[in-house]
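J.: One structure, as C-alpha coordinates, below. Some questions next.
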Amino acid sequence: MQKGIKAVFMRGGTSKGVFFNKKDLENFSEKIRNKIFLRAIGSPDPYLNQMDGLGGATSSTSKIAVISQSQKKNCDINYNFGAVPVNGDKIDFSGNCGNLSAAAGVFAVEQNMIKKELHPDFKGVGEEEIEVKIYQENIDQIIITKIKCQDGFPKVEGSCEMAGLNNLGSQIIVEMVYTEKDNNLIFPTGNLVDEIELTGEICPKSKGKKIQTTLVNVGNPTVFVRADDINGLTGFEKQLNQEEILLELEEIRCLAGVKMGFAENVKYMNENRPATPKISFLQNKNDQNYISPSGEEIFPEKYDFQARILSMGKLHHAFTATGSISLVAVVGIPGTICSEFYDQQKVKQNQIKSINENESENQDQKGQKFNIQSEISINFAHRSGVMDIMAKIQKNQEKNQWEVQKVGFSRTARSIMRGEVLIPNGEFVE
(Lines give C-alpha, C1' and ligand atoms only; values in the text may rest on other atoms or scores of the structure.)
Protein backbone atom coordinates (compact mmCIF):
# COMPACT_ATOMS: atom_id res chain seq x y z
CA MET A 1 0.00 0.00 0.00
CA GLN A 2 1.03 3.60 -0.56
CA LYS A 3 0.05 6.98 0.82
CA GLY A 4 -0.42 9.98 -1.46
CA ILE A 5 1.15 13.33 -0.54
CA LYS A 6 0.14 16.42 -2.50
CA ALA A 7 3.04 17.76 -4.55
CA VAL A 8 3.92 19.77 -7.64
CA PHE A 9 6.79 18.81 -9.93
CA MET A 10 8.36 22.07 -11.12
CA ARG A 11 11.17 23.44 -13.22
CA GLY A 12 12.86 26.66 -12.25
CA GLY A 13 15.66 27.88 -14.51
CA THR A 14 17.93 24.91 -15.20
CA SER A 15 16.79 22.96 -12.13
CA LYS A 16 13.84 20.71 -11.32
CA GLY A 17 12.36 19.75 -7.99
CA VAL A 18 9.36 18.39 -6.11
CA PHE A 19 7.43 21.15 -4.29
CA PHE A 20 5.36 20.54 -1.16
CA ASN A 21 2.99 22.78 0.76
CA LYS A 22 4.12 22.64 4.39
CA LYS A 23 0.54 22.25 5.61
CA ASP A 24 0.39 18.87 3.84
CA LEU A 25 3.36 17.69 5.93
CA GLU A 26 2.30 19.02 9.34
CA ASN A 27 1.23 15.62 10.69
CA PHE A 28 4.66 14.08 10.11
CA SER A 29 7.81 14.30 12.21
CA GLU A 30 11.01 15.70 10.74
CA LYS A 31 12.35 12.16 10.40
CA ILE A 32 9.30 11.01 8.42
CA ARG A 33 9.35 14.14 6.27
CA ASN A 34 12.92 13.44 5.24
CA LYS A 35 11.97 9.85 4.41
CA ILE A 36 9.13 11.20 2.26
CA PHE A 37 11.51 13.54 0.44
CA LEU A 38 14.07 10.79 -0.18
CA ARG A 39 11.50 8.30 -1.46
CA ALA A 40 9.81 10.91 -3.65
CA ILE A 41 13.12 11.70 -5.36
CA GLY A 42 14.36 8.09 -5.42
CA SER A 43 17.35 8.27 -3.09
CA PRO A 44 19.60 6.76 -1.97
CA ASP A 45 20.34 4.85 -5.18
CA PRO A 46 23.66 2.96 -5.52
CA TYR A 47 22.92 2.59 -9.25
CA LEU A 48 22.97 6.40 -9.53
CA ASN A 49 19.87 6.73 -11.73
CA GLN A 50 17.02 7.39 -9.22
CA MET A 51 14.85 5.00 -11.21
CA ASP A 52 12.37 4.60 -8.35
CA GLY A 53 11.59 8.29 -7.92
CA LEU A 54 11.15 11.66 -9.60
CA GLY A 55 14.82 12.64 -9.45
CA GLY A 56 16.87 12.95 -12.61
CA ALA A 57 20.16 11.55 -11.23
CA THR A 58 21.93 14.93 -11.28
CA SER A 59 22.35 17.63 -8.66
CA SER A 60 20.15 19.92 -10.79
CA THR A 61 17.23 17.49 -10.80
CA SER A 62 17.45 16.01 -7.30
CA LYS A 63 15.83 18.73 -5.22
CA ILE A 64 12.85 19.40 -2.98
CA ALA A 65 11.19 22.58 -1.77
CA VAL A 66 8.73 23.20 1.05
CA ILE A 67 6.55 26.31 0.77
CA SER A 68 4.47 27.81 3.58
CA GLN A 69 2.45 30.95 4.22
CA SER A 70 4.87 33.44 5.74
CA GLN A 71 4.37 34.85 9.22
CA LYS A 72 6.53 37.81 8.23
CA LYS A 73 4.39 40.85 7.46
CA ASN A 74 6.43 41.85 4.41
CA CYS A 75 6.59 38.38 2.81
CA ASP A 76 4.05 36.20 1.03
CA ILE A 77 5.69 32.84 1.57
CA ASN A 78 8.54 31.04 3.27
CA TYR A 79 10.66 28.82 1.03
CA ASN A 80 12.81 26.00 2.38
CA PHE A 81 15.12 24.13 0.02
CA GLY A 82 16.73 20.70 0.23
CA ALA A 83 19.48 19.24 -1.97
CA VAL A 84 18.96 15.48 -2.15
CA PRO A 85 22.05 13.33 -2.80
CA VAL A 86 21.61 10.73 -5.51
CA ASN A 87 23.22 7.97 -3.44
CA GLY A 88 22.89 9.24 0.09
CA ASP A 89 20.28 9.73 2.79
CA LYS A 90 21.39 13.07 4.26
CA ILE A 91 19.48 15.93 2.65
CA ASP A 92 21.50 19.14 2.69
CA PHE A 93 19.41 22.08 3.91
CA SER A 94 22.38 24.44 4.28
CA GLY A 95 21.86 26.53 1.15
CA ASN A 96 19.43 27.86 -1.42
CA CYS A 97 18.65 27.07 -5.04
CA GLY A 98 18.43 30.31 -7.00
CA ASN A 99 16.83 28.58 -9.95
CA LEU A 100 14.01 27.14 -7.85
CA SER A 101 13.52 30.56 -6.24
CA ALA A 102 11.81 31.52 -9.50
CA ALA A 103 9.62 28.42 -9.27
CA ALA A 104 8.76 29.22 -5.64
CA GLY A 105 7.15 32.47 -6.77
CA VAL A 106 5.16 30.66 -9.44
CA PHE A 107 4.05 28.07 -6.87
CA ALA A 108 2.83 30.83 -4.55
CA VAL A 109 0.66 32.42 -7.26
CA GLU A 110 -0.73 29.14 -8.58
CA GLN A 111 -1.53 27.84 -5.09
CA ASN A 112 -3.17 31.16 -4.08
CA MET A 113 -0.65 31.75 -1.29
CA ILE A 114 0.02 35.43 -1.99
CA LYS A 115 -1.21 37.94 0.58
CA LYS A 116 -3.84 40.32 -0.75
CA GLU A 117 -2.70 43.11 1.57
CA LEU A 118 0.74 43.06 -0.07
CA HIS A 119 -0.74 43.24 -3.58
CA PRO A 120 -3.79 45.53 -3.47
CA ASP A 121 -3.51 46.31 -7.18
CA PHE A 122 -3.35 42.68 -8.31
CA LYS A 123 -6.85 41.91 -9.60
CA GLY A 124 -6.34 38.58 -11.36
CA VAL A 125 -7.80 39.98 -14.57
CA GLY A 126 -6.00 40.39 -17.88
CA GLU A 127 -2.26 40.96 -18.12
CA GLU A 128 -0.57 41.94 -14.86
CA GLU A 129 2.77 41.66 -13.10
CA ILE A 130 3.11 40.63 -9.49
CA GLU A 131 6.12 40.87 -7.20
CA VAL A 132 6.04 37.81 -4.97
CA LYS A 133 7.97 38.42 -1.76
CA ILE A 134 9.75 35.33 -0.48
CA TYR A 135 11.55 34.62 2.76
CA GLN A 136 14.27 32.07 2.06
CA GLU A 137 14.57 30.12 5.31
CA ASN A 138 17.85 28.29 4.64
CA ILE A 139 19.95 31.44 4.27
CA ASP A 140 17.74 34.06 5.99
CA GLN A 141 17.28 35.99 2.74
CA ILE A 142 14.57 38.14 1.18
CA ILE A 143 13.88 37.31 -2.48
CA ILE A 144 11.54 39.10 -4.86
CA THR A 145 10.26 37.39 -8.00
CA LYS A 146 8.59 39.55 -10.64
CA ILE A 147 6.13 37.34 -12.52
CA LYS A 148 3.99 38.19 -15.54
CA CYS A 149 0.45 36.87 -15.16
CA GLN A 150 -2.60 36.35 -17.35
CA ASP A 151 -5.98 36.29 -15.60
CA GLY A 152 -4.35 35.63 -12.24
CA PHE A 153 -2.01 32.83 -13.29
CA PRO A 154 1.69 32.95 -14.17
CA LYS A 155 2.44 33.13 -17.86
CA VAL A 156 4.40 30.19 -19.21
CA GLU A 157 5.03 31.03 -22.84
CA GLY A 158 7.24 33.94 -23.80
CA SER A 159 10.42 35.01 -25.54
CA CYS A 160 12.95 34.55 -22.73
CA GLU A 161 15.79 32.22 -23.73
CA MET A 162 18.02 30.45 -21.22
CA ALA A 163 21.26 28.62 -21.92
CA GLY A 164 20.69 25.00 -20.94
CA LEU A 165 16.97 24.97 -21.84
CA ASN A 166 15.41 23.82 -25.09
CA ASN A 167 12.27 25.99 -24.89
CA LEU A 168 11.53 29.69 -24.54
CA GLY A 169 9.43 30.94 -21.64
CA SER A 170 7.97 33.94 -19.89
CA GLN A 171 10.69 35.97 -18.19
CA ILE A 172 10.78 36.04 -14.39
CA ILE A 173 13.04 38.59 -12.73
CA VAL A 174 14.60 37.31 -9.50
CA GLU A 175 16.10 39.84 -7.09
CA MET A 176 18.07 39.07 -3.95
CA VAL A 177 17.79 41.98 -1.52
CA TYR A 178 20.52 42.38 1.08
CA THR A 179 20.46 44.06 4.47
CA GLU A 180 23.40 45.38 6.48
CA LYS A 181 23.48 42.09 8.35
CA ASP A 182 23.84 40.14 5.11
CA ASN A 183 26.51 42.50 3.79
CA ASN A 184 28.78 41.72 6.71
CA LEU A 185 28.96 38.12 5.50
CA ILE A 186 30.32 38.69 1.99
CA PHE A 187 33.84 37.64 2.97
CA PRO A 188 33.43 35.24 5.93
CA THR A 189 37.15 35.29 6.70
CA GLY A 190 37.48 39.04 6.16
CA ASN A 191 40.01 38.40 3.39
CA LEU A 192 39.81 39.01 -0.34
CA VAL A 193 42.15 36.05 -0.91
CA ASP A 194 42.76 33.06 1.37
CA GLU A 195 45.55 30.57 0.73
CA ILE A 196 44.58 26.99 1.46
CA GLU A 197 47.15 24.25 2.01
CA LEU A 198 45.86 20.79 1.14
CA THR A 199 46.24 18.18 3.87
CA GLY A 200 45.76 15.10 1.71
CA GLU A 201 42.73 13.93 3.69
CA ILE A 202 40.67 13.57 0.52
CA CYS A 203 43.30 13.84 -2.23
CA PRO A 204 46.55 12.29 -0.90
CA LYS A 205 48.50 13.15 -4.06
CA SER A 206 47.88 16.87 -3.50
CA LYS A 207 49.11 16.97 0.11
CA GLY A 208 51.09 20.14 0.78
CA LYS A 209 49.85 21.94 -2.33
CA LYS A 210 48.83 25.57 -1.75
CA ILE A 211 45.89 27.12 -3.60
CA GLN A 212 44.76 30.73 -3.55
CA THR A 213 41.00 31.16 -3.17
CA THR A 214 38.37 33.85 -2.77
CA LEU A 215 35.71 32.77 -0.27
CA VAL A 216 32.30 34.40 -0.68
CA ASN A 217 29.02 34.11 1.20
CA VAL A 218 26.52 35.82 -1.08
CA GLY A 219 23.70 33.76 -2.61
CA ASN A 220 25.24 30.48 -1.52
CA PRO A 221 28.72 30.16 -0.03
CA THR A 222 31.13 29.75 -2.94
CA VAL A 223 34.85 29.09 -3.33
CA PHE A 224 36.56 30.62 -6.37
CA VAL A 225 39.89 29.40 -7.76
CA ARG A 226 41.89 29.93 -10.93
CA ALA A 227 41.56 27.06 -13.40
CA ASP A 228 45.29 27.36 -14.09
CA ASP A 229 46.08 26.55 -10.44
CA ILE A 230 44.48 23.10 -10.67
CA ASN A 231 46.63 20.63 -12.59
CA GLY A 232 44.74 19.33 -15.62
CA LEU A 233 42.05 22.03 -15.76
CA THR A 234 41.66 24.34 -18.72
CA GLY A 235 38.55 26.25 -17.66
CA PHE A 236 36.75 25.20 -20.84
CA GLU A 237 35.61 21.78 -19.59
CA LYS A 238 32.37 20.29 -20.87
CA GLN A 239 32.90 17.12 -18.85
CA LEU A 240 35.02 16.50 -15.77
CA ASN A 241 35.55 12.84 -14.98
CA GLN A 242 39.18 12.82 -13.82
CA GLU A 243 38.98 11.39 -10.30
CA GLU A 244 42.13 13.08 -9.00
CA ILE A 245 40.98 16.55 -10.10
CA LEU A 246 37.55 15.99 -8.54
CA LEU A 247 39.16 14.84 -5.29
CA GLU A 248 41.46 17.87 -5.20
CA LEU A 249 38.56 20.25 -5.80
CA GLU A 250 36.52 18.51 -3.10
CA GLU A 251 39.36 18.84 -0.59
CA ILE A 252 39.74 22.53 -1.41
CA ARG A 253 35.98 22.95 -0.99
CA CYS A 254 35.94 21.19 2.37
CA LEU A 255 38.98 23.03 3.73
CA ALA A 256 37.39 26.28 2.60
CA GLY A 257 34.18 25.31 4.40
CA VAL A 258 36.13 24.83 7.62
CA LYS A 259 37.87 28.19 7.13
CA MET A 260 34.48 29.83 6.52
CA GLY A 261 33.21 28.44 9.82
CA PHE A 262 30.71 25.88 8.53
CA ALA A 263 32.37 22.87 10.18
CA GLU A 264 35.23 21.98 12.50
CA ASN A 265 36.89 19.48 10.19
CA VAL A 266 37.14 18.21 6.61
CA LYS A 267 35.47 14.89 7.40
CA TYR A 268 32.27 16.58 8.57
CA MET A 269 32.20 18.86 5.52
CA ASN A 270 32.67 15.94 3.14
CA GLU A 271 30.01 13.77 4.75
CA ASN A 272 27.38 16.30 5.81
CA ARG A 273 27.65 19.43 3.62
CA PRO A 274 27.98 18.26 0.01
CA ALA A 275 25.84 21.13 -1.33
CA THR A 276 27.60 24.16 0.18
CA PRO A 277 29.94 25.79 -0.26
CA LYS A 278 30.11 25.32 -4.01
CA ILE A 279 33.48 25.52 -5.78
CA SER A 280 34.02 27.34 -9.08
CA PHE A 281 37.04 27.76 -11.34
CA LEU A 282 37.59 30.68 -13.71
CA GLN A 283 39.52 31.19 -16.94
CA ASN A 284 40.12 33.99 -19.42
CA LYS A 285 38.40 33.62 -22.75
CA ASN A 286 40.52 32.88 -25.79
CA ASP A 287 40.09 33.79 -29.45
CA GLN A 288 38.38 30.52 -30.34
CA ASN A 289 34.64 29.97 -30.70
CA TYR A 290 33.17 27.02 -28.85
CA ILE A 291 30.07 24.93 -29.35
CA SER A 292 27.51 24.56 -26.56
CA PRO A 293 25.74 21.20 -26.00
CA SER A 294 22.75 22.58 -27.94
CA GLY A 295 24.97 23.15 -30.97
CA GLU A 296 25.07 26.94 -30.59
CA GLU A 297 28.36 28.54 -31.60
CA ILE A 298 29.54 30.88 -28.84
CA PHE A 299 31.74 33.74 -30.05
CA PRO A 300 34.36 35.37 -27.75
CA GLU A 301 32.79 38.81 -28.12
CA LYS A 302 29.58 37.49 -26.50
CA TYR A 303 31.10 37.01 -23.06
CA ASP A 304 33.68 38.32 -20.60
CA PHE A 305 35.32 35.14 -19.28
CA GLN A 306 34.77 31.42 -18.72
CA ALA A 307 33.43 29.98 -15.46
CA ARG A 308 32.56 26.48 -14.33
CA ILE A 309 31.06 25.30 -11.06
CA LEU A 310 30.72 21.97 -9.30
CA SER A 311 27.54 20.89 -7.55
CA MET A 312 27.36 17.85 -5.27
CA GLY A 313 30.77 16.73 -6.51
CA LYS A 314 30.04 16.94 -10.23
CA LEU A 315 30.51 19.57 -12.91
CA HIS A 316 27.24 21.50 -13.25
CA HIS A 317 25.63 21.28 -16.69
CA ALA A 318 25.34 25.09 -16.75
CA PHE A 319 26.10 27.33 -13.75
CA THR A 320 24.17 27.58 -10.51
CA ALA A 321 22.17 30.77 -10.05
CA THR A 322 23.46 31.21 -6.50
CA GLY A 323 27.03 30.71 -7.69
CA SER A 324 26.55 33.44 -10.28
CA ILE A 325 25.30 35.71 -7.49
CA SER A 326 28.54 35.21 -5.56
CA LEU A 327 30.53 35.77 -8.74
CA VAL A 328 28.93 39.05 -9.80
CA ALA A 329 29.07 40.34 -6.23
CA VAL A 330 32.87 40.21 -6.08
CA VAL A 331 34.10 40.33 -9.67
CA GLY A 332 34.30 44.12 -9.44
CA ILE A 333 36.14 44.19 -6.10
CA PRO A 334 39.88 44.72 -6.67
CA GLY A 335 42.08 42.08 -5.05
CA THR A 336 39.75 39.09 -5.39
CA ILE A 337 40.57 36.12 -7.60
CA CYS A 338 37.47 36.94 -9.65
CA SER A 339 38.57 40.53 -10.26
CA GLU A 340 41.68 39.28 -12.08
CA PHE A 341 39.47 38.09 -14.91
CA TYR A 342 37.49 41.30 -14.86
CA ASP A 343 40.63 43.44 -15.09
CA GLN A 344 41.99 41.51 -18.06
CA GLN A 345 38.69 41.72 -19.90
CA LYS A 346 38.35 45.46 -19.34
CA VAL A 347 40.68 46.29 -22.21
CA LYS A 348 38.36 44.25 -24.43
CA GLN A 349 35.35 46.47 -23.77
CA ASN A 350 34.26 44.69 -20.62
CA GLN A 351 30.75 45.81 -19.71
CA ILE A 352 31.57 46.07 -16.00
CA LYS A 353 32.04 49.60 -14.71
CA SER A 354 35.06 49.81 -12.44
CA ILE A 355 34.21 50.64 -8.85
CA ASN A 356 37.19 52.98 -8.61
CA GLU A 357 36.02 55.02 -11.59
CA ASN A 358 32.78 55.86 -9.77
CA GLU A 359 34.30 56.40 -6.34
CA SER A 360 32.96 59.85 -5.50
CA GLU A 361 31.87 60.04 -1.88
CA ASN A 362 28.41 60.80 -0.57
CA GLN A 363 27.42 61.63 2.97
CA ASP A 364 24.26 60.37 4.61
CA GLN A 365 22.27 62.24 7.24
CA LYS A 366 24.42 60.89 10.06
CA GLY A 367 27.59 62.15 8.46
CA GLN A 368 28.82 58.69 7.52
CA LYS A 369 30.70 58.47 4.25
CA PHE A 370 29.85 55.97 1.54
CA ASN A 371 31.08 55.35 -1.99
CA ILE A 372 28.49 55.99 -4.63
CA GLN A 373 26.58 52.86 -5.69
CA SER A 374 27.97 50.99 -8.65
CA GLU A 375 26.04 48.67 -10.95
CA ILE A 376 27.92 45.68 -12.29
CA SER A 377 26.68 43.66 -15.24
CA ILE A 378 28.57 40.64 -16.52
CA ASN A 379 28.18 38.06 -19.27
CA PHE A 380 30.16 34.91 -18.58
CA ALA A 381 30.33 31.63 -20.45
CA HIS A 382 29.60 28.24 -18.91
CA ARG A 383 29.08 24.72 -20.28
CA SER A 384 25.71 25.43 -21.83
CA GLY A 385 26.14 28.99 -23.08
CA VAL A 386 26.26 32.51 -21.67
CA MET A 387 24.70 33.85 -18.46
CA ASP A 388 23.87 37.49 -17.72
CA ILE A 389 23.59 38.83 -14.19
CA MET A 390 23.79 42.20 -12.46
CA ALA A 391 24.54 43.53 -9.00
CA LYS A 392 24.58 46.78 -7.07
CA ILE A 393 27.53 47.13 -4.71
CA GLN A 394 29.24 49.83 -2.71
CA LYS A 395 32.15 50.20 -0.32
CA ASN A 396 31.25 51.28 3.18
CA GLN A 397 33.90 53.90 3.94
CA GLU A 398 33.27 53.92 7.68
CA LYS A 399 33.56 50.15 8.07
CA ASN A 400 36.07 49.78 5.23
CA GLN A 401 34.15 46.85 3.76
CA TRP A 402 32.44 45.98 0.51
CA GLU A 403 28.67 45.59 0.53
CA VAL A 404 26.21 44.06 -1.88
CA GLN A 405 22.80 45.70 -1.97
CA LYS A 406 20.96 43.81 -4.69
CA VAL A 407 21.56 41.07 -7.23
CA GLY A 408 19.20 40.42 -10.12
CA PHE A 409 18.88 37.81 -12.85
CA SER A 410 16.20 36.44 -15.16
CA ARG A 411 14.78 32.94 -15.28
CA THR A 412 11.81 31.03 -16.61
CA ALA A 413 9.79 28.56 -14.55
CA ARG A 414 6.69 26.41 -14.80
CA SER A 415 4.75 23.64 -13.13
CA ILE A 416 5.22 20.36 -14.99
CA MET A 417 2.83 18.14 -13.03
CA ARG A 418 0.41 18.49 -10.11
CA GLY A 419 -1.05 15.71 -8.04
CA GLU A 420 0.16 13.27 -5.41
CA VAL A 421 3.54 11.64 -5.01
CA LEU A 422 3.00 8.08 -3.77
CA ILE A 423 5.08 6.93 -0.81
CA PRO A 424 5.11 3.27 0.34
CA ASN A 425 3.56 2.84 3.78
CA GLY A 426 6.78 1.49 5.27
CA GLU A 427 8.36 4.94 5.07
CA PHE A 428 5.90 6.30 7.64
CA VAL A 429 7.32 4.15 10.44
CA GLU A 430 9.46 6.10 12.92
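The values are calculated or read from the model by the stated rules, or taken from the named source; none is laboratory data. Given the structure is predicted, the values throughout are model-derived calculations rather than measurements. As a convention, Cβ positions derive from the backbone with ideal geometry for all residues, glycine included, and neighbour counts pool all protein chains shown.
J.: Out of everything in region 117-137 that is among the hydrophobic types (A, V, I, L, M, F, W, C) and crowded, with 16+ Cβ neighbours inside 10 Å, what residue ends up being farthest from Ser68 (Cα to Cα)?
T.: Phe122
J.: Looking only at region 257-274, count how many residues are within 23 Å of Gly190 (Cα to Cα) and in contact (Cβ under 8 Å) with a residue 60 or more places away in the chain.
T.: Residues flagged as within 23 Å of Gly190 (Cα to Cα) and in contact (Cβ under 8 Å) with a residue 60 or more places away in the chain within region 257-274 amount to 6.
J.: In region 143-166, how many are surrounded by 13 or more Cβ atoms within 10 Å (Cβ to Cβ) and either at pLDDT below 95 or part of a loop (DSSP other than H, G, I, E, B) (or both)?
T.: The total comes to 9.
J.: Go through region 215-334 and tell me which helices (runs of 4 or more DSSP H), entirely inside it, have 1 or more residues that are among the acidic types (Asp, Glu) and surrounded by fewer than 17 Cβ atoms within 10 Å (Cβ to Cβ).
T.: 243-259, 266-272
J.: Suppose the filter is under 30 Å from Trp402 (Cβ atoms), touching a Lys or Arg at 6+ places or on another chain (Cβ under 7 Å) and crowded, with 19+ Cβ neighbours inside 10 Å; does Ala102 pass it?
T.: Here the answer is yes, as Ala102 does meet what is asked.
J.: Looking at region 19-61, which of the residues that are buried (at least 21 other Cβ atoms within 10 Å of the Cβ) and hydroxyl-bearing (Ser, Thr, Tyr) is farthest from Phe81 (Cα to Cα)?
T.: Ser43
J.: Continuing with the same structure: It is to be established whether one or more residues within region 128-137 are part of a loop (DSSP other than H, G, I, E, B), under 29 Å from Pro44 (Cα atoms) and modelled with pLDDT of 95 or more.
T.: Yes - at least one qualifying residue is present in region 128-137.
J.: Anything in region 406-430 that is more than 17 Å from the chain's Cα centre (by Cα) and either farther than 30 Å from Ser29 by Cβ or hydroxyl-bearing (Ser, Thr, Tyr) (or both)? List them, or say none. Spell out how you get there, then give the answer.
T.: The first filter runs over region 406-430 and keeps only residues more than 17 Å from the chain's Cα centre (by Cα), leaving 414-430.
Arg414, Ser415, listed by residue number.
J.: Let me ask you something else. Take the conditions basic (Lys, Arg), at pLDDT 95 or above and either surrounded by fewer than 20 Cβ atoms within 10 Å (Cβ to Cβ) or in the same structural domain as Gly261 (by the TED database) (or both) and apply them to Lys16. Does it pass?
T.: Working: basic (Lys, Arg): yes; at pLDDT 95 or above: yes; either surrounded by fewer than 20 Cβ atoms within 10 Å (Cβ to Cβ) or in the same structural domain as Gly261 (by the TED database) (or both): no.
Taking the combined requirement at face value, the residue does not satisfy it.
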